Amino acid sequence: MSGAFDKAAQALRTASCAVALTGAGISVESGIPSFRGDSGLWRKYPPEEYATIDAYIENPARVWAFWRERAHDFADCGPNAAHKALAGLEQRGILKAIVTQNIDHFHQQAGSRTVVEYHGNVHNLRCLDCGADEPLDIENMPANVPRCPVCRGLMKPDVVMFGELIPTSALAETDKWVSQCDVLIVVGTSAQVFPAAALPYRAKENGAFIIECNVEPTGFTRTVTDAFLEGRAAATLPRLAGLV
Ligand code: NAD
Ligand code: ZN
């Protein structure tokens, strides 16, 4: 295990462009459950009822109530030592960007500046009819489904639900970072949600060294990972940052 940390630290010391890809696992220790697994949210809230765009259009009130609850969780919690370690690596000029699948804003709250939100965020509302958007105060979310101030259409949180496309700007920025990076740190992501799960494979094809932080092996571990740092990200990332 210390061999993996040494290899990872060595790769980061010589990297010219290190990038991180983060998933729900990095925020678990902040108190935000991931979606999969025994304690995951999907056990209680099946994704086909709460996280698809069709479910929202069919029953907006039910899905809005679910996202309102998630937003309250985010407002009550904050970044942990793993988010802070990545922010510190960026401040030291080692990490150039984070591509996150998370919608919780904890990277920005930890001080990271270049953050690509691959699956959107809960701090904006967008109209499904005319595309108008407006900021959403997650500490004071309305109880009822919001209507568009321009056309009265249905507004939805600007998160990417199943059945929706990744925003083109996030795709373009991610492409840039994944093709440029020579080290990719993959943190707390299960390798099951596409197209995000394809990113480590693309980085590897471009010659990047892949560091993976997870509590258990994933589909990446035996295929693309060069250094597997097993354990809770709030412990492994600060340890790694301390070695660089
Ligand atoms: P996932 O739920 O599919 O997988 C989470 C991964 O994190 C698993 O591989 C698990 O082993 C690992 N993990 C759990 N605890 C960890 C810890 N303490 N340290 C390191 N790793 C840990 O998550 P996903 O692959 O990111 O996909 C689910 C989708 O839902 C993504 O878009 C995700 O961002 C989103 N989501 C976001 C939030 C959030 O914004 N905080 C929360 C839940 C889900
Ligand atoms: Zn509208």
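The values are calculated or read from the model by the stated rules, or taken from the named source; none is laboratory data. Computed from a predicted model, the values in this text were never measured in an experiment. Note that each Cβ is placed from the backbone with ideal geometry, even for glycine, and that neighbours are counted across all protein chains shown. For the accessible areas, the whole protein counts, side chains as well, though only heavy atoms, and no ligand, DNA or RNA atoms are used. Shrake-Rupley method; radii C 1.70, N 1.55, O 1.52, S 1.80 Å.
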Handout entry: Any pair with Cβ under 6 angstrom, 6 or more apart, that starts in region 160-179 at a residue that is within 17 Å of Thr114 (Cα to Cα) and ends at one that is in a loop (DSSP other than H, G, I, E, B) and hydroxyl-bearing (Ser, Thr, Tyr)
Key = Ala170/Tyr118
Handout entry: Pick from region 155-191, criterion small (Gly, Ala, Ser) and in contact with a helix residue (DSSP H, G or I) (Cβ under 8 Å, 6 or more places away or on another chain), ranking: nearest to Asp137 (Cα to Cα)
Key = Gly163
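The rows are residues; the columns are (1) within 30 Å of Ala208 (Cα to Cα); (2) modelled with pLDDT under 95; (3) more than 16 Å from ligand 1 (Cβ to nearest atom); (4) part of a helix (DSSP H, G or I).
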position	(1), (2), (3), (4)
Gly93	yes, no, yes, no
Val99	yes, no, no, no
Gln108	yes, no, no, yes
Ala143	no, yes, yes, no
Completion exercise
Sole miss for Leu171 among (1) within 16 Å of ligand 1 (Cβ to nearest atom); (2) not in a helix (DSSP H, G or I) is condition (2)
Practice task
Determine whether Asp38 is open to solvent by 20 Å² or more (accessible area, probe 1.4 Å), assigned to a loop (DSSP other than H, G, I, E, B) and within 20 Å of Val193 (Cβ to Cβ).
Solution key: yes
Completion exercise
Leu136 fails exactly one of (1) touching a residue at least 12 places away in the same chain (Cβ under 8 Å); (2) away from ligand 1 (no atom under 12 Å from the Cβ); (3) surrounded by fewer than 17 Cβ atoms within 10 Å (Cβ to Cβ), namely (3)
Problem - Hits in region 122-133 (condition: within 9 Å of ligand 2 (Cβ to nearest atom) and open to solvent by less than 50 Å² (accessible area, probe 1.4 Å)) - result: Cys127, Gly131, Ala132
Practice task
Specify the residue that is farthest from ligand 1 (Cβ to nearest atom); the eligible residues are those in region 174-194 that are modelled with pLDDT under 95 and open to solvent by less than 60 Å² (accessible area, probe 1.4 Å).
Solution key: Ala191
Practice task
Working only within region 195-231, note down all residues that are of a type in the set (Lys, Arg) and buried (at least 16 other Cβ atoms within 10 Å of the Cβ).
Solution key: Arg202, Lys204
